[in-house]
Amino acid sequence: METETITLEKPRLSPTITSLVDSTDAQLEERFFSSLAWSHSNESSNDFRSDFFTKPSLPMLKAIMTTSLGDGDMGEDETTNSFCRYIADLVGHDASILTLSGTMGNQVALRAALTVQPYEILTDYRAHIVNWEGGGASGVSGALIRQVVPSNGHHLTLADVKQHATLTDTYYDAPTRVISLENTLYGTIMPLSEMRAISKWARERDPPIHMHLDGARLWEAVAAGAFTLREAGECFDSMQLCFTKGLGAPIGSAVTGSTAFVRRANWARKHLGGSTRQSGVIAAPARAAVDYVFLSGKLAPAQDKARRAAALWLRLGGKLLRPAETNLVWLDLEGSGLALDEYNDAARRFDLKVGEPVHGRLAFHYQITDAAFARLCEFFRAVLPPRGGGRGGLGVVDVRSGGVANGVAVNGYS
């Protein structure tokens, strides 16, 4: 009996699959990583809405891929523990813990600092903890918030603090137990001399007043040369540092302080549901963000773009709401004769992302490209035709002395 021979046809492979089969391991790895969203920053390259629109980068993904996977809630993750020691050392504090966001970091720190009611938090009326954290300080800690308007229009001074702090402790009072400063605040820098003066005074009270810093954008002040991380750290009992604003990490902030304070902060974080299991996936990309963005000097070029943009806006006759000292430029649209819709529509024509969450604010980050910056300058020229060559606008504060230079610092920028 004859048997029928069946010939199987070799499957036809697509050009893509054939290419992959013939590739070396190194080529495969390169093609794999280059196809991922982590490998480019196209979406953020023209996004001036905020510096939290930075995209996580490939070094951050690779850090996640090689991280340890211990239990962060139990304090057993090697990557997290190493990173927390690293951050604490950067600012000169004893210890630190990870939180999921800057808002959580501030609320954890305030809750840890406030122990026995009644108590009051003294802060700038523009502070993030007042305007952008859902009333957390009142809801989570039950604190009275003493909002102070800086007498110099720029930053709180020791005189402001002395005038508004509640130092009596009768049953009518909610004594000031925390002074919460923010640096940078709306992109402007509180001078080191003022932070030191307020800190010295607060620590001399009986009992001492806890000094907290919302340092979500502290990196920008350091990049501007105002002071070092450790110089700032000396002034505060606790600090919150954000790894997403400007640094591009996908998630996370840190709270730093003494060992005893961080132990209590750990309880407050647990209270808010902020403890995580495999916390290395947060710590690893955050470490990459600090190393590859902040320590490598990528913030300074973005600040230079901000200064040049502010100077051009002023030269074209526009006005600013605040001086451009770091990476944020605040355009006074109404004072510059522009309607909001007109401004936003024109920006879209130049392929620029502006607007929400804060209209009129331009945030410069390290992923803003030269091409997007050039379009921004053309956009300025389109919406602000020359009006007699006047500069207008605000003076620029010398962050090292706290003085005002009356616009001189804009010279030389285009």
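If you run the Gaussian network model on the chain, springs between alpha carbon atoms under 10 Å, then out of Gly273, Gly142, Gly153 the most flexible one is Gly153. Taking the charge dipole of the chain about its Cα centre, with +1 at Lys and Arg Cβ atoms and -1 at Asp and Glu Cβ atoms, the residue from Met60, Gly102, Gly337 reaching farthest to the positive side is Gly337. Our summary gives the chain a relative contact order of 21 percent, counting only alpha carbon pairs under 8 angstrom and 6 or more residues apart. By the beta-carbon count within 10 Å of each Cβ, the least crowded to most crowded order of Thr166, Thr80, fewest first, is Thr166, Thr80. Taking amide H as placed 1.01 Å from N in the peptide plane, the amide H of Thr54 sits under 5 Å from that of Gly246, each at least 5 places away or on another chain. Couplings 3J(HN,Hα) for the stretch 116-132, derived from phi with the Karplus relation 6.51 cos²θ - 1.76 cosθ + 1.60 (θ = phi - 60°), are 10, 5, x, 7, 10, 10, 9, 7, 5, 5, 8, 4, 4, 5, 8, 9, 10 Hz, where x marks Gly and Pro. Using the Cα gyration tensor of the chain, with a ≥ b ≥ c the square roots of its eigenvalues, what is the shape: rounded (a/c below 1.5), prolate (a/b larger than b/c) or oblate (neither)? Cα axes put the chain in the oblate bin. The residue among Gly142, Thr123, Thr170 whose Cα reaches farthest toward the positive pole of the charge dipole of the stretch 120-200, with charges on the beta-carbon of Lys, Arg, Asp and Glu, is Thr123. About its Cα centre, the chain has a charge dipole of approximately 1160 debye under the convention of +1 per Lys or Arg Cβ and -1 per Asp or Glu Cβ, with nothing else charged.
Calculated [222 nm] ellipticity per residue, helices only, for the chain: -11000 deg cm²/dmol; basis is -39500 (n - 2.57) per DSSP H run with n ≥ 4, divided by all residues, nearest 500. From most to least packed by mean Cβ count within 10 Å, the peptides 303-311, 39-47 give 303-311, 39-47. Across the stretch 58-294, the mean sequence separation of Cα contacts (distance under 8 Å, 6 or more residues apart), normalised by length, yields a relative contact order of 33 percent. Counted over the stretch 58-294, the DSSP beta bridges are approximately 40% antiparallel. Shown for Glu325, Glu220: other C-beta atoms within 10 Å of each C-beta, ranked fewest to most, produce the order Glu325, Glu220. Considering only beta bridges that DSSP places wholly inside the chain, some 45 percent are antiparallel. Between Phe32, Phe52, Phe350, the Gaussian network model of the chain with springs among Cα atoms under 10 angstrom shows the greatest mean-square fluctuation at Phe32.
Between Asp173 and Glu231, the C-beta separation translates, for a Förster distance of 56 Å, into a calculated FRET efficiency of about 0.95. Rounded if a/c is under 1.5, else prolate if a/b is larger than b/c, else oblate: which is the stretch 293-358, with a ≥ b ≥ c the root eigenvalues of its Cα gyration tensor? Since a/c reaches 1.5 and a/b is larger than b/c, the shape of the stretch 293-358 is classed as prolate.
Spin-label model, Val149 to Glu30: label points 7 Å out along the Cα-to-beta-carbon direction sit 6.2 nm apart.
For the residue pairs Lys55/Lys305; Lys270/Lys298; Lys55/Lys270; Lys62/Lys353; Lys62/Lys298, alpha carbon separations beyond 24 Å are given by Lys270/Lys298; Lys55/Lys270; Lys62/Lys353.
Annotation: amide H of Leu320 within the under-5 Å range of Asp332, Gly393, Leu394, sequence separation 5 or more or interchain, hydrogens built in the peptide plane. The slack in the chain from Asn42 to Leu58, taken as 0.36 nm per residue of separation less the alpha-carbon distance, amounts to 4.4 nm. GNM remark for the chain: springs join alpha carbons under 10 Å apart, and the peak mean-square fluctuation among His154, His93, His271 falls on His271. Cβ-to-Cβ counts within 10 Å put Val358, Val281 in ascending order as Val358, Val281, the fewest first.
Here, each number is a calculation from the coordinates, and none is a lab measurement. Only a predicted model underlies this, so the values are computations on that prediction, with no experimental measurement involved. Backbone-built Cβ (ideal geometry, glycine too); neighbour counts: all protein chains shown.
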